[in-house]
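Below is one structure; the comments refer to it alone.
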There are 2 protein chains.
Amino acid sequence: MDTIRVTFEPEGASVDVTRGVTLLEAARAAGLVLSSICGGDGICGRCRVIVETGEIDVEPTTLLTRDEIQRGFVLACRAKALGDVRVSLPVETRSADAKILIDEDAGRFRALGEELQEEVSFAHDPVVQKISVTLPPPTLQDNVATQERLLRSLRREIDAPSLQMGLKVLRDLPLVERESGGELSVTLGRRGGTTEIIQVEPGEQRGRSLGIAVDVGTSTVVAHLVDLDTEETIDAEACYNSQMAYGEEVTRRIIHSERDEAHSLRDAVVRDINNLVSAFIDRSDVALHDVVVLFAAGNTSMIHFLLGLDASRIRKAPYIPATTAPPPICAAEVGIRINPRGLLFTMPSIGSWVGGDVTAGILATGLDVTDRLTMLIDVGTNGEIVLGNRQWMIACATSAGPAFEGSGVQCGMRASRGAIERVSIRDDGTPELRTIGDVAPEGICGSGLVDTVAELFRTGIVDRVGRLVRDRSSRVREVDGRAEFVLATTPAGGEIVITQPDIDNLLRAKAAIYAGAKVLLESTDHGFDDIEQLLIAGGFGNYLDCGHAIALGMIPDVPLDRVRFVGNTSLNGAKRAMLSVDAFERCHTIARGATYYDLITYPRYYEEFMSAKFLPHTDLGLFPRAAELAAGAEAGGI
Amino acid sequence: MDTIRVTFEPEGASVDVTRGVTLLEAARAAGLVLSSICGGDGICGRCRVIVETGEIDVEPTTLLTRDEIQRGFVLACRAKALGDVRVSLPVETRSADAKILIDEDAGRFRALGEELQEEVSFAHDPVVQKISVTLPPPTLQDNVATQERLLRSLRREIDAPSLQMGLKVLRDLPLVERESGGELSVTLGRRGGTTEIIQVEPGEQRGRSLGIAVDVGTSTVVAHLVDLDTEETIDAEACYNSQMAYGEEVTRRIIHSERDEAHSLRDAVVRDINNLVSAFIDRSDVALHDVVVLFAAGNTSMIHFLLGLDASRIRKAPYIPATTAPPPICAAEVGIRINPRGLLFTMPSIGSWVGGDVTAGILATGLDVTDRLTMLIDVGTNGEIVLGNRQWMIACATSAGPAFEGSGVQCGMRASRGAIERVSIRDDGTPELRTIGDVAPEGICGSGLVDTVAELFRTGIVDRVGRLVRDRSSRVREVDGRAEFVLATTPAGGEIVITQPDIDNLLRAKAAIYAGAKVLLESTDHGFDDIEQLLIAGGFGNYLDCGHAIALGMIPDVPLDRVRFVGNTSLNGAKRAMLSVDAFERCHTIARGATYYDLITYPRYYEEFMSAKFLPHTDLGLFPRAAELAAGAEAGGI
């Protein structure tokens, strides 16, 4: 058999394989895990690679655009190497380490759902639901039209002053009635005062009524499959947002969208969502047909991209979005593949830079109904902060950058298997590590980075301005004129280091969040001591050592018993809104009622930001407990 | 040059033409006028013929379905004869004699619009309208999203508690706002309590806001183009309903529809409507884009066909339609080509056999608001009758058959150029005729048939049971054992005759209408003398000699000053509803409030029908004025 060589760029990893194997198999042989949900069946379209040189045999696919094909894209699972081949792995393919990680993530998110405070409850009354009705048979005496008989029967079951139905349902109705003898299963979608009949089916139809809540994050897309009748979360799945290929930061993506006639941003996230939906369908006994609603929460730009709305003015003064309350639409209108008549709801935004994910967070945490002064910090690429209670709410967004998500960091990676998530440093300077999945370390994620820098500061290896102090540890060294701390060694003999620029990035990120929190407090004449509840949200928050975060000056120095991690509140809020018309209505009240506070217009913000770039802050009086907390963390060990 | 022969079936007309001419040119050379609106440009798709044998050269077209092409259909204007060809003319192509007639019809309908009583008035407030709004520029202080700024501005202009917009509009909005600097032209569609934003355009857009009202008749489709702002009727156009190819009677078409997976009925009428719309666009300065609404009135089955709804139960006990109040939809959903976001409204029906055309008639004549006891008879293939006033209304349909529309009659034709429309017979038995267009007679239409039979009866040539009496006129003769009356001679030497079966058909038709009227009266304990207004509607009604109609016993014998022709009230009502939300709302009140009276369930109907088959009736006491009226008509001459 012929042996050929496949080389993967930019790693330069090479592997000798038998002529005719797929590029996906070759990648696996080279120790690279490409993104793939379908496992190589050519369905999910995630294992996209670019063939730079070499002869391949490619099967046709509809999962690549004409433009992508011209740029050399193939699906690795559908491309066989016929000679020596050089392949480039695009960032969205390379950065995801596939199904294993997604399962990890899914497991985490599954657990998160249980953690939330349950004081916020709404009547179970899903925005989309199936109900059974029986139409009495028509007679010469009661020869009312089929549509009117259905409306009459429905009005006996539900309170719906305005009932609408479209042409497709009207076409189906007489046929379904005849087929079923009048026993109908009717799917209703509700918004405001209007109830729309989305679908009529024969009553004996056994299918469940399912919905999917999706957190469309800047970096990660997370989906929960929910039984709309029992409220049970059946499955969870996550993947990276493929829009990453167009920029890690929102602003970069907006700039891309302005000249993006191919709607690549929309297509990317729709493909991600469809892949998550496919994953649910593939591994369970649910039918696509039974998924009748998808409920998306995301920042304002993410929702604009998803719906294909013009986002350009979000980044330019006076920073206005096309909409803060998009109407529910047919999911198929944007290419989302659930039931063809299923609806897509999106959570209403508070402003251009405080989106429906934050509205969802407020709903999920009950910030809008509590008497206690509460601060909610959603840690992510954009750190959003809400301050308020049942009387008032004010919200802002900080451009924290991707450091918390393990990006823009030399050895950074997302919080997935192999990532260092917890770090403590012994007094002799030796690090103790814990990785996700308890495997050999491959890189460091946000929470590990927070731990490392807090510990380096505590042990004096990093000083108050964030500089690595060379003579405090033998692990500090200089490479090409740049200081770095050697944290660990990988099994392959590589080193995981924290560089001076990594620390600078993290300090900028934590300073942005802290300064935002401080400005919000000041603008409402409050101090940190007034905060009665401090809620930290986000996938990241799950793994965060709260003491370290305070020691670093990332979150305000409030007593630990007032701090609570609340997990992915964006997803949780979306799920609640999906399960209750009242909750969704409440979201609109929240979005309208919260004041959007634009930090850019506030001159003090930059000043606060600069002051917060120290460890923990220029003003140590703001962090009375910081030293003690850092010590506590050390005492606790790992 | 080669000469070839083209033969047209079923006429058997042949013509020798140069090889390579189109079948449309060949037909013209053969003296046949094929239906064609575009004049042979391959656009209107009306000149459809079937090539039975022979070689032709055909240009590709999208105006024929795959199935039609397989059945041999070509567009005559796009098919060149290359050898001897035998061509079949389908009924819908043959029966229409094209543009000349349509212009005639359009002229008539134009005139009709002016004749109506104007006591019924509604506030001008079209169901679809364009309004101008100015969005204040966003500022850092007022950085409300574009959608919300639009809604805010609209709410200042109009009273719309529930304002909705779909994704397409939301996608356009920011771009249009930027392009226009905030001066927007917004198209709003309204139904019930909901107002939908259909379209946003830059404010300087010059286009008008136009609507089309359509009477979708069993035989004829009539359209008026209306300026929604000025209420002016700009143009009128009519054509035959191509569904005729699938049966002249509604029941036949329903039977066809039950196995019609190709939706040929829907396609036929949609094509007709699109052709009428194209005709408007072709000959005026209006843009398709400016036509934002189409308002259709028709009997319940016609509307079911148009919308593609299951009509099968309309013809089977207990006779229920899919709907009596179809929702407004996007016209593009059924393939109607106006503005891609334009709406299609349909008038609500009273019952399976009393449709939105009758609702429109009630609205147009103000039957529902008058104190006077009024009977409205809409004469057509289905003669609908309404009796009532502002207190109550009852309506029925009679199966009159197509005799009044000149069909099912040996020398019958539709009321178009060359049709004998008025007849009187001198005492010596010589007929005096008037034809439509004052040209040589080609056939006889419904009104001519009514005149003829009434005059034959008055002069004793037809007896009380409707039999031609042989010895009363030399024009009565027997052919193949069947009596007929020779009315006229065509220029080509043919004869226009009225046969005994023609008379029998007419008597059945007039008996059906009369019996329906009588049953409605009896069922409400009224007699003919109680009728304070007798309104005759329909295209047919325009040409009807009222005295003759009474003399024949077709309409009740009430004093002539109580009888009024009100023209095409279906079209007129649709136009009013299109121009006023209140009027459209009233239509729903009318449709819900009127009682549908099913003659089939009433045993006395058949008895009345049999009694009414005499001239004018078995009970002469019911027609005290009949003889006198007949004499008056004679005295008036032509």
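Within region B:226-247, which residues are assigned to a loop (DSSP other than H, G, I, E, B) and either of a type in the set (A, V, I, L, M, F, W, C) or over 13 Å from the mean Cα position of the chain (by Cα) (or both)?
Here is the first cut: in region B:226-247, the ones assigned to a loop (DSSP other than H, G, I, E, B) are B:228-232, B:241, B:247.
Within region B:226-247, B:LEU228, B:ASP229, B:THR230, B:GLU231, B:GLU232, B:GLY247 meet the criteria.
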Please identify the pairs in which a residue from region A:290-313 that is at negative phi and more than 11 Å from chain B (Cβ to nearest Cβ) has its Cβ atom under 6 Å from the Cβ atom of a residue that is among the polar types (S, T, N, Q) and part of a helix (DSSP H, G or I), counting only partners at least 6 apart or on another chain.
A:ALA297/A:SER570
Which residue is farthest from B:THR187 (Cα to Cα), if the candidates are limited to region B:326-335 and must be in contact with a strand residue (DSSP E or B) (Cβ under 6 Å, 6 or more places away or on another chain) and either in the same structural domain as B:THR187 (by TED's automatic domain parsing) or assigned to a loop (DSSP other than H, G, I, E, B) (or both)?
B:PRO326
So how many residues does region B:126-163 have that are surrounded by fewer than 17 Cβ atoms within 10 Å (Cβ to Cβ), without any contact (Cβ under 8 Å) to a residue 12 or more places away in the chain and not in a helix (DSSP H, G or I)?
5
Exactly one condition in (1) crowded, with 24+ Cβ neighbours inside 10 Å; (2) free of Cβ contacts under 8 Å to residues at least 60 places away in the same chain is false for B:LEU387; which is it?
(2)
Would you tally the residues in region A:617-628 being buried (at least 17 other Cβ atoms within 10 Å of the Cβ) and part of a helix (DSSP H, G or I)?
2
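Just to verify a result, which residue in region A:229-263, among those that are among the hydroxyl-bearing types (Ser, Thr, Tyr) and without any contact (Cβ under 8 Å) to a residue 60 or more places away in the chain, is farthest from A:ILE69 (Cα to Cα)? Spell out how you get there, then give the answer.
Going through region A:229-263, the residues among the hydroxyl-bearing types (Ser, Thr, Tyr) turn out to be A:230, A:233, A:240, A:242, A:246, A:251, A:257.
Going one step further and asking which of them are without any contact (Cβ under 8 Å) to a residue 60 or more places away in the chain, we end up with A:230, A:246, A:257.
Details: A:THR230: 45, A:TYR246: 18, A:SER257: 21 Å.
Checked region A:229-263; the qualifying residue farthest from A:ILE69 (Cα to Cα) is A:THR230.
If I go through region B:314-339 residue by residue, how many of them are of a type in the set (S, T, N, Q) and facing another protein chain (nearest Cβ under 10 Å)?
First pass over region B:314-339, keeping only residues of a type in the set (S, T, N, Q): B:323-324, B:339.
From what is left, the residues that are facing another protein chain (nearest Cβ under 10 Å) are B:323-324.
The number of residues fulfilling the criteria is 2.
What number of residues in region A:340-375 are of a type in the set (A, V, I, L, M), surrounded by fewer than 24 Cβ atoms within 10 Å (Cβ to Cβ) and within 29 Å of A:SER209 (Cβ to Cβ)?
From region A:340-375, those of a type in the set (A, V, I, L, M) are A:343-344, A:347, A:350, A:354, A:358, A:360, A:362-364, A:367, A:369, A:373, A:375; that's our starting set.
Remaining after also requiring surrounded by fewer than 24 Cβ atoms within 10 Å (Cβ to Cβ): A:369, A:373.
Add one more test, that the residue is within 29 Å of A:SER209 (Cβ to Cβ), and what stays is A:369.
Selection size over region A:340-375: 1.
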Select from region B:314-366 the residues that are charged (D, E, K, R) and in contact (Cβ under 8 Å) with a residue 40 or more places away in the chain and list them in ascending order.
B:ARG315, B:ARG337, B:ARG341, B:ASP357
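How many residues does region A:127-151 contain that are more than 21 Å from A:GLY342 (Cβ to Cβ) and within 12 Å of chain B (Cβ to nearest Cβ)? Don't jump to the end; show me each part of the working.
Applying the first criterion (more than 21 Å from A:GLY342 (Cβ to Cβ)) to region A:127-151 yields A:134-149, A:151.
Remaining after also requiring within 12 Å of chain B (Cβ to nearest Cβ): A:135-149, A:151.
Qualifying residue count, region A:127-151: 16.
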So how many residues does region A:594-610 have that are away from chain B (no Cβ under 14 Å) and not basic (Lys, Arg)?
6
Within region B:13-67, take every residue that is at pLDDT 70 or above and of a type in the set (Ser, Thr, Tyr) and give me the one that is farthest from the chain's Cα centre (by Cα).
B:THR18
Identify all residues within region B:348-369 that are away from chain A (no Cβ under 14 Å) and part of a loop (DSSP other than H, G, I, E, B); write none if there are none.
B:GLY366, B:LEU367, B:ASP368, B:VAL369
Taking the residues in region A:164-179 that are within 7 Å of chain B (Cβ to nearest Cβ) and buried (at least 19 other Cβ atoms within 10 Å of the Cβ) as candidates, determine which candidate is nearest to the chain's Cα centre (by Cα).
A:MET165
Scanning for something within 15 Å of A:PRO327 (Cβ to Cβ), part of a helix (DSSP H, G or I) and polar (S, T, N, Q), does region B:185-197 turn up at least one residue?
no
Residue tally, condition under 20 Å from the mean Cα position of the chain (by Cα), over 17 Å from A:ARG341 (Cβ atoms) and not aromatic (Phe, Trp, Tyr), over region A:279-313:
15
Please count how many residues of region A:209-219 are touching a strand residue (DSSP E or B) at 6+ places or on another chain (Cβ under 6 Å) and surrounded by fewer than 24 Cβ atoms within 10 Å (Cβ to Cβ).
1
Among the residues in region A:602-616, are any surrounded by fewer than 19 Cβ atoms within 10 Å (Cβ to Cβ) and at pLDDT below 85?
yes
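Condition first: among the aliphatic types (A, V, I, L, M) and surrounded by fewer than 17 Cβ atoms within 10 Å (Cβ to Cβ). Now tell me which residues in region B:565-601 satisfy that.
Narrowing region B:565-601 to residues among the aliphatic types (A, V, I, L, M): B:566, B:571, B:574, B:577-579, B:581, B:583, B:590-591, B:594, B:599-600.
Result: B:ILE600, single match.
The values are calculated or read from the model by the stated rules, or taken from the named source; none is laboratory data. Please read all numbers here as calculations on a predicted model, not as lab measurements. Backbone-built Cβ (ideal geometry, glycine too); neighbour counts: all protein chains shown.
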